[in-house]
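Undergrad: Encoded as structure tokens, here's the structure I'll be asking about.
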Amino acid sequence: MSDTDSFIDEVTEEVRRDRLFAFMKRWGWVAVLLVLVLVGGAAWREYTSVRDQAAAQALGDEILAALDADEAGARVSALSEISAGEPGAQALIDMLTASEAARAGDADAAEQALEAVAANGEVPEIYREIASYKAFSRSDSGLSAEDRRVRLEALAVPGKPLRLLAEEQLALLEIERGDTDAATARLQRIIEDSEATAGLRQRASQLIVAMGGKPDAG
């Protein structure tokens, strides 16, 4: 009985081996291809990571070199020659260009650079809002107080990243037109807002005191 069982086991094992060889002969290329894909994918990710890091470092070096120029006009010229390729990085360059153009006294160039960022739908929302905020917060923007108010109210919507900064600017507009009660109430809301930074709370408190009021710390 044991010899019969041993013979059956040997035959069964041989059949299994034949089936395995047949399966490998038919589908083994799939396993090889899968290994090649995994190895190739890992190599490609490593290559792109190194490439992107090198590109980012090169871009950073270009920006620093442009900002090293002695005069604001020269810095504007150097920055305008840099092309980032990636929308977010280009937005940063454009905003730096606007800042240097303002220092050089070229208000038109500063406004154009900021408007280009604000109107670019490929740029992350936070960059567009910062550019828009900077554009109409400039003293030489040429916008009326009413136009500034409308634009600031669009940024002061709950959930917007620059909401509290826009609220601060709205309070300043209210002070300009003599509505100190509205300004004080708005500034007090900023102080009580859990998202307000310590610096923003301090500025709001100082403005209330400057208007003859007393901020409520509680």
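The values are calculated or read from the model by the stated rules, or taken from the named source; none is laboratory data. All figures in this text were calculated on a predicted structure; none of them were measured in a lab. Cβ: placed from backbone, ideal geometry, glycine included. Neighbour counts: every protein chain shown. Side chains included, ligands, DNA and RNA excluded: accessible areas come from the protein's heavy atoms. Shrake-Rupley method; radii C 1.70, N 1.55, O 1.52, S 1.80 Å.
Undergrad: Being open to solvent by less than 50 Å² (accessible area, probe 1.4 Å) and either within 24 Å of Pro124 (Cβ to Cβ) or aliphatic (A, V, I, L, M) (or both) is the filter here, so list the residues in the stretch 68-89 that pass it.
TA: The answer is Ala69, Ala72, Ala74, Val76, Ala78, Leu79, Ile82, Ala84, Pro87, Gly88, Ala89.
Undergrad: Looking at (1) surrounded by fewer than 16 Cβ atoms within 10 Å (Cβ to Cβ); (2) modelled with pLDDT of 85 or more; (3) over 29 Å from Glu176 (Cα atoms), can you tell me which one Leu92 breaks?
TA: That leaves (1) as the condition not met.
Undergrad: Consider Ala110 carefully, then state whether it is over 20 Å from the mean Cα position of the chain (by Cα), of a type in the set (Gly, Ala, Ser) and surrounded by 20 or more Cβ atoms within 10 Å (Cβ to Cβ).
TA: So Ala110 passes the test.
Undergrad: From the list Thr97, Thr184, which residue is part of a helix (DSSP H, G or I) and within 23 Å of Ala72 (Cα to Cα)?
TA: Sole residue among the options that is part of a helix (DSSP H, G or I) and within 23 Å of Ala72 (Cα to Cα): Thr97.
Undergrad: Please work out if Ile208 is open to solvent by 30 Å² or more (accessible area, probe 1.4 Å) and in contact (Cβ under 8 Å) with a residue 24 or more places away in the chain.
TA: For Ile208, the condition - open to solvent by 30 Å² or more (accessible area, probe 1.4 Å) and in contact (Cβ under 8 Å) with a residue 24 or more places away in the chain - is not met.
Undergrad: Residue check, Glu195 against (1) exposed (fewer than 13 other Cβ atoms within 10 Å of the Cβ); (2) out of contact with any Lys or Arg (no Cβ under 9 Å at 6 or more places or on another chain); (3) more than 27 Å from Thr97 (Cα to Cα), all met but one. Which one?
TA: (2)
Undergrad: Those residues that are of a type in the set (A, V, I, L, M) and either loosely packed, with under 13 Cβ neighbours inside 10 Å or in contact (Cβ under 8 Å) with a residue 24 or more places away in the chain (or both), I need them from the stretch 159-171; list them, please.
TA: Within the stretch 159-171, Leu162, Leu164, Leu165, Ala166, Ala171 qualify.
Undergrad: Just one of Ser139, Ser144, Ser99 is of a type in the set (S, T, N, Q), open to solvent by less than 60 Å² (accessible area, probe 1.4 Å) and at pLDDT below 85; which is it?
TA: Criteria check complete, one pass: Ser144.
Undergrad: From the list Arg128, Arg203, Arg151, Arg189, which one is in a helix (DSSP H, G or I), open to solvent by 60 Å² or more (accessible area, probe 1.4 Å), within 18 Å of Ser99 (Cβ to Cβ) and not hydrophobic (A, V, I, L, M, F, W, C)?
TA: After applying the criteria, what remains is Arg128.
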